[in-house]
């Protein structure tokens, strides 16, 4: 599936090919902190299937619990998170689903780091719904 990602302000945009069956939600505390949310949804794209269309992301390198160094790419203007990749020899970019035009067509197929999941995330479907605010 071809996807189109863009930060909130439009300064950085990309196109990539992804396999929707590989979409995932991560509950690790790094993803919570780096996304500013309870979890982060992403889907991998091979490096050769990713193409920047506009701009250049700013990067930050974090060290994972495993010791692996991971590049976090985001817009330097608006701060939208775009992807993560191995800092040494990236073979894939873990693209952030929230910045994709096709995000509604990429439902996560599994959840990882569930031991760090915030307990209240399990009951979100039962909450009252309001269409717009």
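What residue among 66, 35, 80 shows peak mean-square fluctuation when the chain is described by a Gaussian network model with Cα springs under 10 Å? For the chain, modelled as a Gaussian network with Cα springs under 10 Å, the answer is 66. Taking 7 Å steps out from each Cα toward its Cβ at residue 69 and residue 15 produces label points 3.3 nm apart. When each of 59, 29 is scored by the number of other beta-carbon atoms lying within 10 Å, the sequence from fewest to most is 29, 59. Computed from the Cβ-Cβ distance with R0 of 25 Å, the FRET efficiency linking residue 120 to residue 2 stands at 0.10.
Rounded, prolate or oblate, given the Cα gyration tensor of segment 37-98, with a/c below 1.5 counting as rounded? Rounded shape, in that the Cα axes give a/c under 1.5. In terms of other Cβ atoms within 10 Å, 70, 40, 54, 46 run from fewest to most in the order 54, 46, 70, 40. Select from 23, 64, 11 the residue whose mean-square fluctuation is largest in a Gaussian network model of the chain (Cα-Cα springs shorter than 10 Å). Comparing 23, 64, 11 in a Gaussian network model of the chain, the most mobile one is 64. Taking every Cα-Cα distance in segment 2-119 and sorting them into 10 Å bins from zero, the calculated P(r) comes out as 14, 48, 34, 3 percent.
Arranged by the count of other C-beta atoms within 10 angstrom, fewest first, what order do 3, 71 take?
By the 10 Å Cβ count, ascending: 71, 3.
Kindly identify segment 65-113 as rounded, prolate or oblate by the Cα gyration tensor criterion: order the square roots of the eigenvalues as a ≥ b ≥ c, call it rounded if a/c is under 1.5, otherwise compare a/b with b/c, prolate if a/b is larger, else oblate. Here segment 65-113 falls in the oblate category.
The numbers here are math on the coordinates, done by the rules we state, and not lab data. Just so it is clear, the structure is predicted and the values come from calculations on it, not from any experiment. All Cβ positions, even for glycine, are placed from backbone atoms using ideal geometry, and neighbour counts span all protein chains on display.
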